[in-house]
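Below is one structure; the comments refer to it alone.
Any read-out appearing in this document is the output of simple, stated calculations on the displayed coordinates, not a laboratory observation. Predicted, not measured: the structure shown is a model, and the values here were computed from it. Cβ coordinates were reconstructed from backbone atoms using ideal geometry, including for glycine residues, and neighbour counts include every protein chain displayed.
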Amino acid sequence: MDQIGDARTMQRALTAAHLYYVQDRTMDAIAQELGTSRSTVSRLLTHARATGIVDIRIRSPFAAPQRLEERLAERFGVLTQVVPVPDETTEVDRLQRVAVAAAHALLDLVQDDMIVGVAWGSTTAAVSRHLVPKSVHGATFVQLNGSGNTHSTGLLYASEILSRFAAAYDGSAQQFPVPAFFDDPATKDAMWRERSTRRILDMLPAMDLVLFSTGSAGSRVPSHVYSGGYLEPAELDQLADEGVVGDVATVFYRADGSSDGIALNDRATGPSLGLLRGIPRRLCIVSGVSKLASLRGALAAGIATDLIVDEATARALLE
């Protein structure tokens, strides 16, 4: 009975959306045609937007964001979407606005039979809470790196993010139940030979799309790897000594994009930057100028094909 009701609501929302957005009918006229109230028509239109029946795109007549996008594409070779956010907006609200934009962009990027890698973190968690449902066939969402640490398994945090993606696209979720960092590189090497672990590792080179943000020790909205008990003070000092400016999926890099010779990477469970560069589409989502150094390093490393960023950070990136 519920499925019948849901199907009927979906059909009515589709009809209302077509009448309103395509045929340019007023809500009063639609209410009369459907034999219902104006408030019900309003709810149907809201339902149509929330479920992806209607995808509203705004193209500004003002050229500033477009010029930023063009200049970023020219300089860094990435397809860029700049999200207009007032400069006085709080960092938390700025992240939410960028996350909403990224969630809508994924409607076009996620397609049938894709393998999509997802790096857990504050930004992808925000994106996962704003996903617009879209039914695709055979999509698989893979956790890029382990999430356990000495205080917690991290499974709940990472699995919630992954599960939201799988639910939004009628796909399956593949968790990676290993620590974010091993204590000893030899332990990692041994674990990487286990068949249960290899099953996930073998999926990574076959990914069609990867979704990530850049981690930064100085971010005003704390990056989870730095605030969630994953790194000891001595390890943070070592990263600073090695010139590290950020990470993607707990793999660290310097300002010039290099990652070789960084000791912690030998114990990290995320995919190498070289592996990431082999994935066809790599969507980087960044909010806030406090992540500027980590974003610059990621672009220098060539690990992004697509970028979604707020306007202030986009301007700073070009200065």
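Based on DSSP H segments of at least four residues, each scored -39500 (n - 2.57), the chain has a per-residue ellipticity at 222 nm of -13000 deg cm²/dmol. What number comes out for the charge environment of residue 136, summing +1 per Lys or Arg and -1 per Asp or Glu over other residues with Cβ under 12 Å away? With Lys, Arg at +1 and Asp, Glu at -1, the net is -4. The packing ranking, built from the mean of other Cβ atoms within 10 Å per residue, places the peptides 32-43, 269-280, 123-134 in the order 123-134, 269-280, 32-43, highest first.
Considering only 298, 268, 234, the mean-square fluctuation computed in a Gaussian network model of the chain, springs between alpha carbons under 10 angstrom, is largest for 234. Just so you know, the Cα atoms of the stretch 2-50 work out to an Rg and Dmax of 10.1, 31 Å.
Summing Lys and Arg as +1 and Asp and Glu as -1 over all other residues whose Cβ lies under 12 Å from the Cβ of residue 185 gives a net charge of -2. With the convex hull drawn around the C-alpha atoms of the stretch 64-318, the volume per residue stands at 113 Å³. Local charge sum around residue 246 (other residues, Cβ-Cβ under 11 Å, Lys/Arg +1, Asp/Glu -1)? Net charge around residue 246: +2. Rounded, prolate or oblate, given the Cα gyration tensor of the stretch 171-319, with a/c below 1.5 counting as rounded? Judged from the Cα gyration tensor, the stretch 171-319 comes out oblate (a/c at least 1.5, b/c at or above a/b).
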